[in-house]
């Protein structure tokens, strides 16, 4: 068996044991509301998104209502998430596309999801893996940083990182691996100052600064 496949399975097993059984960063909702939450989470914290979404979804609970929303009202509600002008347009346009092209129901197919305004592979995989129960690797900054330190890929390109993990790990492990690696990046393998002395993956790390 390829060395990377062996190593990534070992890392999966270590993190699986070290991590809580249930890991969630955004509030679990129906597919539409979760998709909008993920779009809003760009360049802000999940906590901030969780603070604004109750009011947003109380006023606009589904694609049809958000598609007809007042732009200024949406900007007001999501203002704390930052970049609210672009985000407001994205989520309204996303809702319109879901209504016009998919009869108000969020598509599950990757190619169809990527046609929606504001939706890239990370957002689509996040929805598919967290809500739809479909296998997906969610490559955010935390995930990419940890994988690069463990495997010295030499690139933060999300598609390359995703392809590397997918080619070396069985699909049934993707969802759990995405969450445990992300949590590890948030709690231990920080962008500045890793907690190497308590890291359960230190024997696998290829970052010379982390030894």
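For the reader, a short list of remarks on this structure follows.
- D (Stokes-Einstein, µm²/s), Kirkwood Cα radius, region 1-41, 0.890 mPa s at 25 °C: 192
- Degrees between helix 3-18 axis and first principal axis of the chain (Cα, 0 to 90, nearest 10): 70
- Region 31-130: relative contact order in percent, alpha carbon pairs under 8 Å with at least 6 residues between: 31
- For the chain, the relative contact order works out to 21 percent when only alpha carbon pairs closer than 8 Å and six or more residues apart are counted.
- A full extension of the chain between residue 207 and residue 83 corresponds to an added length of 41.3 nm, given 0.36 nm per residue minus the alpha carbon distance.
- Gyration tensor (alpha-carbon) shape descriptor, region 31-130, a/c threshold 1.5: oblate
- Ranked by the mean number of other Cβ atoms within 10 Å of their residues, highest first, the peptides 31-43, 196-208, 59-71, 142-154 come out as 31-43, 142-154, 59-71, 196-208.
- Helical mean residue ellipticity (222 nm; -39500 (n - 2.57) per DSSP H run of 4+; nearest 500) of the chain: -17500 deg cm²/dmol
- Listed candidates [x] 1.00; [y] 1.05; [z] 0.96 - label of the one calculated as Rg/Rh (Cα atoms, Kirkwood Rh): [x]
- Acute angle (nearest 10 degrees) that the helix 158-168 long axis makes with the longest principal axis of the chain, alpha-carbon atoms: 50
- Using alpha-carbon coordinates, inclination of helix 141-151 to the longest axis of the chain, degrees: 20
- If you sort the three axes of the alpha carbon gyration tensor as a ≥ b ≥ c, you get a/c of 1.5 or more for region 92-211 and a/b above b/c, which makes it prolate.
- With a Förster radius of 25 Å applied to the C-beta separation of residue 152 and residue 108, the computed FRET efficiency comes to 0.10.
- By the beta-carbon count within 10 Å of each Cβ, the least crowded to most crowded order of 179, 110, fewest first, is 110, 179.
- Length released on extending from residue 16 to residue 29, taking residue separation times 0.36 nm less the Cα-Cα span: 2.3 nm
- Computed extension gain for residue 50 through residue 176, at 0.36 nm per residue and net of the alpha carbon distance, reaches 43.2 nm.
- Each peptide in 10-21, 116-127 receives the mean, over its residues, of other Cβ atoms within 10 Å, and ordering these scores from highest gives 116-127, 10-21.
Every number in this text was worked out from the coordinates using simple rules, so none of it is lab data. Being a predicted model, the structure only gives us computed values, none of them experimental. We place every Cβ from the backbone using ideal geometry, glycine too, and count neighbours over all the protein chains shown.
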